[in-house]
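Reviewing the structure listed below.
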Amino acid sequence: MSFYVKATIIYISFYLYIRLWVCRLLVDNPKLKRGVLVASDLMTLVMPITVFFPEKLPYLLKILMLGAGYSWAAIIVCMVPVGLCFEPIRWGMKLLGNGIRVPRLKIFAALCLISIVMTVGGYINATSPVVKEVDFDLSKGSRNAKEYRVVMFSDLHAGKLMTSARVAGVVNMVNSLGPDIVLMVGDVLDDHDSEISGAVEELARIKAPLGKYAVLGNHEYYLGNDWSLRMLENQGIEVLRDSAVVVDNRFLLAGRNDFATMRGGGIRKVLNNILPEENKLPVILMDHTPYHLEEAEQADVALQVSGHTHNGQLFPFNLVVKRLYEEEYGTYRKGETHYYVSCGVGFWGPPLRTTSRPEVVLMKIRI
């Protein structure tokens, strides 16, 4: 069973639970209930239609339906925890009897208002990236240290909804920071529409005298590593696949294959096998998924940059990723190794973000 089939089954199950709550809240308003159920049933069908039958739809209609379908799915999924929280109250009121009058229509109206605010606010937030500045001193007190402007971003997810215009905006933001070097830490691409729309071609405009580098994330693996590699290299981006390069004779930049590569029988080398034995330079490591952070510490890496988590993207998923990862967002340190996990500059699925601002990271690094 494919990922999309499993996801659709879960989505429909969640919707049926929310549909049950709509029936409960509008039990005293049969006409309103009928209209809401018909509208919500139709909205629920939008995403599966666009996912399973995209070639049957005109391109612009497909994009509109995908945005609306994903956003509706986000509302449904985020409302499930709300419903579950109210279940004990509902059962408690049943045990106490029917003497308590419940303002069902007002509760329904309040939930609708919350959904509207989440959708509008989440969309504005998701499409308004900011620059985040962080400083790292990797010089170990050297008098000959030099400061580099390293611009890093992850999880762009260029594709159907992360359009060429939005990617162009990110590229303009990157170039405005005057980077010495640019690091793209995986999930740069989301689907093959990034080629059709010209979104991926916008990455060719990134300017950095010391180069622009990338690693592949799990989404590039889903698209096909070879296709993703070709798309990125065609834009003048050097993709590091379990390999390392010396930059400006000052530091070693390494990039790892993502854990997703191993699902198809691919290889992810041991980190010490990527770094040259004779290396004496500080190591900056790009590793898309922030699993097993101790590997970088044990290999004496100076700085690891990662992405992947989106900081959950939508509440309450930030609470889930916080449990899954040792560090899900921001700066971190283990021993002498520094880490930065970005929440990403794009979005996956619904064009909504409620747990963090999408970011392009300007790192001022002394080496």
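Before moving on, here are some points about what is shown:
- Each peptide in 248-255, 322-329 gets a packing score, the mean of other Cβ atoms within 10 Å over its residues, and the list from highest to lowest is 248-255, 322-329.
- Computed extension length for Ile49-Arg333: 97.7 nm, one decimal, from 0.36 nm per residue of separation with the Cα-Cα distance subtracted.
- Sorting Thr119, Thr44 by solvent-accessible area of protein heavy atoms yields Thr119, Thr44, largest first, with a 1.4 Å probe.
- For the chain, the relative contact order works out to 20 percent when only alpha carbon pairs closer than 8 Å and six or more residues apart are counted.
- Taking other residues whose beta carbon is less than 11 angstrom from the beta carbon of Gly159, and scoring Lys, Arg as +1 and Asp, Glu as -1, yields -3.
- Debye, to nearest 20: dipole size of the stretch 104-193, +1 on Lys, Arg Cβ, -1 on Asp, Glu Cβ: 360
- Across the stretch 302-367, the relative contact order, built from alpha-carbon pairs under 8 Å that are at least six residues apart, equals 37 percent.
- Compared with the dominant Cα axis of the chain, that is its longest principal axis, helix 59-96 is turned about 60°.
- Counting only Cβ charges, +1 for Lys and Arg and -1 for Asp and Glu, the dipole size of the chain around its Cα centre is about 1760 debye.
- Rounded percent of accessible protein surface that carbon and sulfur make up, the chain, 1.4 Å probe: 60
- Largest first, the residues Cys112, Cys78 sort by 1.4 Å accessible area into Cys112, Cys78.
- In the full protein context, the chain carries 48 Å² of accessible surface per residue, based on a 1.4 Å probe and ignoring ligands, DNA and RNA.
- Acute angle (nearest 10 degrees) that the helix 164-176 long axis makes with the longest principal axis of the chain, alpha-carbon atoms: 40
- Computed from backbone phi with θ = phi - 60° and the Karplus coefficients 6.51, -1.76 and 1.60, the 3J(HN,Hα) list for the stretch 280-286 is 10, 8, x, 10, 10, 10, 9 Hz; x is used for glycine and proline.
- For the stretch 123-132, the Karplus equation 6.51 cos²θ - 1.76 cosθ + 1.60, evaluated at θ = phi - 60°, returns couplings of 5, 4, 5, 5, 9, 10, x, 10, 9, 10 Hz by residue, with Gly and Pro reported as x.
- Computed with a 1.4 Å probe over protein heavy atoms only, the accessible area of Thr163 comes to about 40 Å².
- When peptides 205-214, 126-135 are ranked by their average number of other Cβ atoms within 10 Å per residue, the highest-first order is 205-214, 126-135.
- The long axis of helix 3-25 is offset from the longest Cα principal axis of the chain by roughly 40 degrees.
- Hull shadow area, averaged, the chain [alpha-carbon convex hull, nm²]: 21.1
- The simple spin-label model puts a point 7 Å past each Cα toward its Cβ; for Glu133 and His192 those points are separated by 4.4 nm.
- Computed from the Cβ-Cβ distance with R0 of 35 Å, the FRET efficiency linking Arg357 to Asn272 stands at 0.45.
- The modelled label-to-label distance for the pair Ser243/Ile116, using points 7 Å beyond Cα in the direction of Cβ, is 5.4 nm.
- Contact order normalised by residue count of the stretch 202-344, Cα under 8 Å, 6+ apart, percent: 18
- 222 nm mean residue ellipticity, helices alone, for the chain (DSSP H n ≥ 4; -39,500 (n - 2.57); rounded to 500): -13500 deg cm²/dmol
- Working note: Karplus 6.51/-1.76/1.60 with θ = phi - 60° gives the stretch 31-39 the couplings 5, 4, 4, 4, x, 5, 5, 4, 5 Hz, where Gly and Pro are set to x.
- Choice from Gly186, Gly35, Gly198 with maximal GNM fluctuation in the chain (Cα, 10 Å cutoff): Gly35
- Of Ile284, Ile9, the residue with the largest accessible area leads and the full order is Ile9, Ile284 (1.4 Å probe).
- Maximal additional length on extending the Leu324-Lys140 stretch stands at 63.0 nm, based on 0.36 nm per residue less the C-alpha distance.
- Listed residue pairs exceeding 26 Å between alpha carbons, taken from Lys6/Lys334; Lys132/Lys269; Lys31/Lys160; Lys6/Lys31; Lys212/Lys269: Lys6/Lys334; Lys132/Lys269; Lys31/Lys160; Lys6/Lys31
- Net length available on complete extension from Phe3 to Ala168 is 56.4 nm, with 0.36 nm assigned per residue and the Cα-Cα distance removed.
- Between the stretch 137-198 and the stretch 1-61, the Cα center-to-center distance that results, in Å: 36
- Highest-first packing order for the peptide set 225-236, 143-154 is 143-154, 225-236, based on the mean count of other beta carbon atoms within 10 Å.
The values are calculated or read from the model by the stated rules, or taken from the named source; none is laboratory data. As the structure is a prediction and not an experimental result, all values here were calculated from the model. Note that each Cβ is placed from the backbone with ideal geometry, even for glycine, and that neighbours are counted across all protein chains shown. With ligands, DNA and RNA removed, areas are computed over all heavy atoms of the protein, side chains included. Shrake-Rupley method; radii C 1.70, N 1.55, O 1.52, S 1.80 Å.
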